[in-house]
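The values are calculated or read from the model by the stated rules, or taken from the named source; none is laboratory data. These numbers were taken from a predicted model, which means no experiment stands behind them. Cβ placement follows ideal geometry from the backbone for every residue including glycine, while neighbour counts extend to all protein chains displayed. Surface accessibility is based on the protein's heavy atoms, side chains included, excluding ligands, DNA and RNA. Shrake-Rupley method; radii C 1.70, N 1.55, O 1.52, S 1.80 Å.
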Amino acid sequence: MDKIERAVALIRSSRKTIVLTGAGISTESGIPDFRSPGTGLWEKIDPMEVLSTKALYQNPEHFYQVGFQMLISMDDAEPNKAHEILTKLEREGYIDLLVTQNIDNLHQKAGSMEVLEVHGHTRSCYCLNCGMEVSMVDMNRILQKGEIPPKCPDCEGTLRPSVVLFGDSLPPCFDRAWSEVENGELLIVIGSSLEVGPVNYLANICKQLMIINLGRTTYDQQADLLIQGSASQILEQIYEKLHGNKGNLNECL
Ligand code: APR
């Protein structure tokens, strides 16, 4: 049995399958990941300088000039085939839950219905004082007036992005992701180095672990199935094998 056939067998026999995605699933949509040698964002920028709570509160000018611009730069990216296939697999009942570390909204753009964004999202910001949500458009408007740190239009409190920054605790949806993986059967990790906790601990508590990734990860040794390569190509092969057909994936998508 080759690796694709083994992947299909694991998916077919799993009573509950959760998928965890990382930045690697979005590189084929033109969004660089963080740790790929040579191209990863953290090779050029220190994340603690630009996307940490320390930067946000102690150096807001730098945070909004660099970190915030990185966040909104993903806005025009479009989902790629990997996102689209995950949407199909969800719709056909092969995936019970999608957990993502990504903040690029591409799973939602591809039509995935239930996405747990354990590192937050870039759709809006919120007021630290009254909790009011502010759209990114309005946030940009406030920033363009030179108001740093940006103030809440309602109570004059300080606004901040809804993205989980280094130094933040994770949102409540991570607790749900934890219990779903703990009670699930198969965890499929796609496009993540699994370097960052506590999300990477999900790979410790699942019953069966499948990793689809271009590069090496810290969990390769403990994976029940490791398929190294491009997320979209591997998912395309799995999808075709699942449907027992050859090469006419486009008719299915
Ligand atoms: N197909 C499959 N895997 C890919 C592809 C691709 N097309 N492109 C890149 N990869 C792999 C890389 O080899 C790498 O191992 O995806 C992985 C991405 O790893 P990271 O860059 O570390 O991204 P991620 O795991 O999502 O990082 C987790 O770290 O900086 C924080 O909050 C940020 O959510 C992020 C977290």
Discussion item. Which one, 149, 183, 94, projects farthest toward the positive side of the charge dipole computed for segment 63-202 from Cβ point charges (K/R +1, D/E -1)?
Written reply: 149
Practice prompt. Report the accessible area of residue 133, computed with a 1.4 Å probe over the heavy atoms of all protein chains in place, in Å² rounded to the nearest 10.
Written response: 120
Worksheet, complete the sentence: Per the Cα gyration tensor, segment 111-253 corresponds to an equivalent ellipsoid with semi-axes, largest first in Å, of 38, 20, 14
Worksheet entry | Cα-only radius of gyration and Dmax that characterise the chain, units Å | 19.0, 62
Fill in: Neighbour net charge for residue 180 - beta-carbon separation under 15 angstrom, K R +1, D E -1
-3
Worksheet entry | Label-point separation, residue 156 to residue 216 (7 Å along Cα→Cβ), nm | 5.6
Practice prompt. Would you compute, from DSSP H runs of 4+ residues alone, the mean residue ellipticity of the chain at 222 nm, taking -39500 (n - 2.57) per run and dividing by the full residue count, rounded to the nearest 500?
Written response: -8000 deg cm²/dmol
Response to the item:
Looking only at aspartates and glutamates whose Cα falls under 18 Å of residue 241's and that sit 8 or more positions away or on another chain, we get 2, 5, 84, 90, 92, 251
Worksheet item: If one takes the longest principal axis of the Cα atoms in the chain, at what angle in degrees, from 0 to 90 and to the nearest 10, does the Cα axis of helix 3-13 lie?
Response: 80
Discussion item. Taking every DSSP beta bridge with both residues inside the chain, roughly what % is antiparallel (nearest 5)?
Written reply: 25
Item to complete: Calculate the length of the line joining the C-alpha centroid of segment 105-133 to that of segment 149-196, in whole Å.
Response: 9
Worksheet item: With a ≥ b ≥ c the root eigenvalues of the C-alpha gyration tensor of segment 1-62, is it rounded (a/c under 1.5), prolate (a/b larger than b/c) or oblate?
Response: prolate
Item to complete: Return the carbon/sulfur percentage of the accessible area of segment 77-153, one whole number, probe 1.4 Å, all protein chains in place.
Response: 49
Worksheet, complete the sentence: Toy charge model, Lys and Arg Cβ at +1, Asp and Glu Cβ at -1: the chain dipole around Cα centroid in debye, rounded to 20, equals 340
Worksheet item: Across segment 22-94, how large is the tail of the calculated P(r) beyond 19 Å, expressed as a percent of all Cα pairs?
Response: 49
Worksheet, complete the sentence: Among trypsin sites (Lys or Arg not before Pro) in segment 97-178, those in a DSSP loop whose Cβ has at most 11 other Cβ atoms within 10 Å are 145
Discussion item. When a/c reaches 1.5 or more, the comparison of a/b and b/c decides; with that in mind, is segment 137-216 rounded, prolate or oblate per its Cα gyration tensor?
Written reply: prolate
Worksheet item: Averaged per residue, what accessible surface does segment 29-71 expose to a 1.4 Å probe, in Å²?
Response: 53
